[in-house]
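Here the structure is laid out as structure tokens; the discussion comes afterwards.
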Amino acid sequence: SIPNQESGIFYYEVKISAITASVSIGLATKEMPLDKFVGYVKGTYSYDSRGYFWGHEVAGCSHLNKHPFIKVPKFGEGDVVGCGVNLENRQIFYTLNGELLEPAGLPIDHDADLFPC
């Protein structure tokens, strides 16, 4: 799980070698159902290759079937996608090919044990 520390950054990257369907990169709890999409289940968060941040209920977000999302750039084969958390304030951020994507600093659940997925 991501470290339970009061400072620092947790960050990982994934190089997309091939895409045949939608890919999601993010954080989920151990209880995440394997038949659901990351970011559709409350307390999980993802960056979807179709160009969406899922699971972030913030001002200005949109909803699809009651699931909050934010429209962002798509990613695909050859891209490097990053997901990080500022451990001091438990805010998530995403990168695409080394560039920080906006909006950054999206809040995540302070109490949940979250795992990269």
(request) Tell me, yes or no, whether the stretch 30-42 has at least one residue that is touching a residue at least 12 places away in the same chain (Cβ under 8 Å), farther than 17 Å from LEU114 by Cβ and not basic (Lys, Arg). (result) no
(message) Given the options TYR47, TYR40, name the one that is in contact with a His (Cβ under 6 Å, 6 or more places away or on another chain) and among the aromatic types (Phe, Trp, Tyr).
(response) TYR40
(message) Considering only the stretch 55-67, I want to know if a residue exists there that is at pLDDT 90 or above and surrounded by 13 or more Cβ atoms within 10 Å (Cβ to Cβ).
(response) no
(request) Output the qualifying pairs, or none if there are none: Cβ atoms under 7 angstrom, residues six or more apart or on different chains, first residue in the stretch 63-78 and closer than 19 Å to LEU101 by Cβ and without any contact (Cβ under 8 Å) to a residue 24 or more places away in the chain, second residue of a type in the set (Phe, Trp, Tyr) and surrounded by 11 or more Cβ atoms within 10 Å (Cβ to Cβ). (result) LYS71/TYR52
(message) Could you go through the stretch 14-26 and let me know if any residue there is closer than 26 Å to SER62 by Cα and touching a Lys or Arg at 6+ places or on another chain (Cβ under 6 Å).
(response) yes
(message) It is to be established whether one or more residues within the stretch 28-48 are crowded, with 16+ Cβ neighbours inside 10 Å, at pLDDT 90 or above and over 11 Å from the mean Cα position of the chain (by Cα).
(response) no
(request) Could you check, for the stretch 78-95, whether at least one of its residues is farther than 19 Å from PHE10 by Cα, exposed (fewer than 12 other Cβ atoms within 10 Å of the Cβ) and not aliphatic (A, V, I, L, M)? (result) yes
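The values are calculated or read from the model by the stated rules, or taken from the named source; none is laboratory data. Given the structure is predicted, the values throughout are model-derived calculations rather than measurements. Neighbour counts run over all protein chains shown; Cβ positions are idealised from the backbone, glycine included.
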